[in-house]
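This report concerns only the one structure given below.
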Amino acid sequence: MTAPTTDAPATHDPGLSRRTLGVPSITLMIIAASAPLTVVAGGVTTSFAVTGSLGVPLGFVVIAVILTVFAVGYTAMGRYITNAGAFYAYISQGLGRPIGVGASLIALVSYNAMQIGVYGLFGFQLSMFLEAKFGFSSPWWLWILLCIVVVGVLGVNRIDFSAKVLGVLVALEFLVVIVFDVVSLAVAPEGVSTTTLNPAELFGPSLGIVLVFGVAAFMGFEGAAIYGEEAKDPKRTVPRATYAAVAIIGLFYAFSAWAFSVGIGPSNIVAKSQESGPDLMFVFMNSHVSVIFVDIMNILFLTSLFASLQSFHNAVARYFFSLGREGVLPTWFAGTSKHGAPWAGSVAQTVIALVVTVGFIFSGEVFGGAAALGEQSFLYPVLTMFTWLTNTGAMGLVLLMAVIAAAVIGFFRRDRRGLGVWTTMVAPLVSGLLLAWVFVMIIANFHVQLGQQEPTFGTYVLPIIVVLAGIVGIVWGRALKRRKPEIYQQIGHGTEPGAYGTELIGVVDER
């Protein structure tokens, strides 16, 4: 029995650009999403400050190991599924279409939350930098609105153009962090100590919370699969980019966190991080290098955030494209330009970012949200927009990765396709259980991530939104099965550009 394809986009649509991205391009876009300079300046200090643990450097290594094991099954599945919907397509084919639709909505909420949250920090940092250097006072939201426009313009252009822009920015980030690492090891007030590399500092009561804060630094690494349709050789490019990104991110962050502790001194790193927060890196460098170099670091901190914004924007646009192409969302979301850019999805993400940003502007400036913070009112976009949304996004993506691990097992359950038990069962099972544990720890410590002393009802509003998105998606998937079985059969089965409506799905799969 075959299912005809209806309600599909017009076949003249060129689809996404083909054979455009190689391993370096995809790897750089993945790393751009994690924002290396932002992680070292902000993520590392926050981890030291909140956890009070010296095991932060090793925490990055542990997370990298977990994600590497996860990538074994994830990339193996990717050899047989090439879809811009990534998580959505994998889960649809591994655990069933309704769960796949639920996953797609969680992915949209999570990636949008990550991207829009970063806007909050970007606007704040740029506003403060301009005031400190030039005495020019400006509202934080002005720069966010302008940045939304720039990101949107890049989003509707060729993906290889975005990749080149991100590549330059990421290279500069790495360079400045490497200089910081060298200076830290040279200063070393307590000597080049390996105290923070002692496993005993990590594997204790603080292990869970260290991993909770550290895992956010890796978010975006799974994005290689999103670019599978645009990769030069999906079966090779995507796995190589995924493994390369995990290795580079994990080792680089671990080394830089250790160098950071050496530069400040292991006995002082926690206290200094609690005192200065993300400014600690810049305060330290201001004492040991020229003012010009510190200014360059500040500028690259901003470009680091911009690179992350662009990377997450690209991911969201491709999810919209995939869901529109398969009829889960209105088919106009599948619109692409003559250059193969998903312009409809890009515009949709831009509009969402604009609406949410305006909501935070009104909440803070008109309805007194900023004033309620008292002396910290100037930190409003960081304490709310950035903190709330990025932590929510990271939580949703960790949940999806745990579900993906189960989907890998489901996908290979009937046919292992010549692959071993380690790839099809053991690796996804181990990584899935570990990721599920990290997700539970995130929920248990969500109030800590939001800077709250004790959890309140409001603490769990954002996690509830993520879960509700998944439930709504599952319900919608089941509704499609009853009302539009031809659309239901297309779920998770994206086709080659121009072939939509000409290729039949094949034997009906009732999952």
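Considered as a group, the residues in the stretch 187-224 that are more than 27 Å from Ile31 (Cα to Cα) and in a helix (DSSP H, G or I) include one that is farthest from the chain's Cα centre (by Cα), and that residue is Val187.
Restricted to the stretch 75-121, and to residues there that are of a type in the set (A, V, I, L, M, F, W, C) and outside any helix (DSSP H, G or I), the residue that is farthest from the chain's Cα centre (by Cα) is Ile81.
Cβ-Cβ distances below 6 Å connect the following pairs, each with a first residue in the stretch 43-58 that is under 13 Å from Gly208 (Cβ atoms) and open to solvent by 10 Å² or more (accessible area, probe 1.4 Å), a second residue that is modelled with pLDDT under 90 and in a helix (DSSP H, G or I), and a separation of six or more residues or different chains: Thr51/Ile209; Thr51/Val210.
Of all residues in the stretch 40-80, how many are among the small types (Gly, Ala, Ser) and closer than 18 Å to Ser273 by Cα? Please lay out each step first, then the result.
First, pick out the residues of the stretch 40-80 that are among the small types (Gly, Ala, Ser): 41-43, 47, 49, 52-53, 55, 59, 64, 71, 73, 76, 78.
After this cut, where a residue has to be closer than 18 Å to Ser273 by Cα as well, the list is 41-43, 47, 49, 52-53, 55, 59.
Count: 9.
Looking across the stretch 193-213, the residues that are of a type outside the set (A, V, I, L, M), in contact (Cβ under 8 Å) with a residue 60 or more places away in the chain and either touching a strand residue (DSSP E or B) at 6+ places or on another chain (Cβ under 7 Å) or farther than 18 Å from Phe260 by Cβ (or both) come down to Pro199, Phe203, Gly204, Gly208. Comparison of Val149, Val177, Val170 shows that the only residue that is modelled with pLDDT of 90 or more, closer than 18 Å to Ala245 by Cα, in a helix (DSSP H, G or I) and out of contact with any Gly (no Cβ under 6 Å at 6 or more places or on another chain) is Val177. Tallying residues that are open to solvent by 10 Å² or more (accessible area, probe 1.4 Å) and under 30 Å from Trp476 (Cβ atoms) within the stretch 286-310 yields 0.
Within the stretch 75-111, the set of residues being open to solvent by 10 Å² or more (accessible area, probe 1.4 Å) and either without any contact (Cβ under 8 Å) to a residue 12 or more places away in the chain or among the basic types (Lys, Arg) (or both) comprises just one member, Arg79. Is it the case that the stretch 69-85 has a residue that's more than 30 Å from Gly327 (Cβ to Cβ), modelled with pLDDT of 75 or more and among the hydroxyl-bearing types (Ser, Thr, Tyr)? For the stretch 69-85, residues more than 30 Å from Gly327 (Cβ to Cβ), modelled with pLDDT of 75 or more and among the hydroxyl-bearing types (Ser, Thr, Tyr): absent.
Checking the conditions here, which among Val283, Val246, Val270 is out of contact with any strand residue (DSSP E or B) (no Cβ under 7 Å at 6 or more places or on another chain), aliphatic (A, V, I, L, M), open to solvent by less than 10 Å² (accessible area, probe 1.4 Å) and part of a helix (DSSP H, G or I)? Full working, then the answer.
Details: Val283 fails: open to solvent by less than 10 Å² (accessible area, probe 1.4 Å); Val270 fails: open to solvent by less than 10 Å² (accessible area, probe 1.4 Å).
The conditions single out Val246.
Name the one entry in Met395, Met425, Met385 that is assigned to a helix (DSSP H, G or I), more than 23 Å from the chain's Cα centre (by Cα) and either modelled with pLDDT of 85 or more or closer than 17 Å to Glu222 by Cβ (or both). Talk me through it step by step, then tell me what you get.
Details: Met395 fails: more than 23 Å from the chain's Cα centre (by Cα); Met385 fails: more than 23 Å from the chain's Cα centre (by Cα).
None of the others qualify; the one that does is Met425.
Of all the numbered requirements in (1) surrounded by fewer than 20 Cβ atoms within 10 Å (Cβ to Cβ); (2) modelled with pLDDT under 95; (3) not small (Gly, Ala, Ser), Val430 misses one, and that requirement is (2).
For the stretch 444-491, the tally of residues that are open to solvent by 60 Å² or more (accessible area, probe 1.4 Å) and either small (Gly, Ala, Ser) or in contact with a Phe, Trp or Tyr (Cβ under 8 Å, 6 or more places away or on another chain) (or both) stands at 3. When every residue of the stretch 293-305 is checked against the conditions, none turns out to be closer than 30 Å to Thr336 by Cβ and charged (D, E, K, R). Checked across the stretch 64-74, the condition of being touching a Phe, Trp or Tyr at 6+ places or on another chain (Cβ under 8 Å), in a helix (DSSP H, G or I) and open to solvent by 30 Å² or more (accessible area, probe 1.4 Å) holds for at least one residue. No other residue among Val351, Val347 is more than 21 Å from Ile99 (Cα to Cα), in a helix (DSSP H, G or I) and without any contact (Cβ under 8 Å) to a residue 12 or more places away in the chain apart from Val351.
Identify the residue in the stretch 354-376 that is in a loop (DSSP other than H, G, I, E, B) and open to solvent by less than 50 Å² (accessible area, probe 1.4 Å) and, among all such residues, is farthest from Val151 (Cα to Cα). Working first, answer last.
Going through the stretch 354-376, the residues in a loop (DSSP other than H, G, I, E, B) turn out to be 367-370.
Next cut, open to solvent by less than 50 Å² (accessible area, probe 1.4 Å) only: 368-370.
Values: Gly368: 29, Gly369: 27, Ala370: 26 Å.
By that ranking, first place goes to Gly368.
The values are calculated or read from the model by the stated rules, or taken from the named source; none is laboratory data. Quick caveat, the model's predicted, so the values are computed rather than measured. Positions of Cβ are generated from backbone atoms using ideal geometry, with glycine treated the same way; all protein chains shown enter the neighbour counts. We work out accessible area using only protein heavy atoms, side chains counted, and drop any ligands, DNA or RNA first. Shrake-Rupley method; radii C 1.70, N 1.55, O 1.52, S 1.80 Å.
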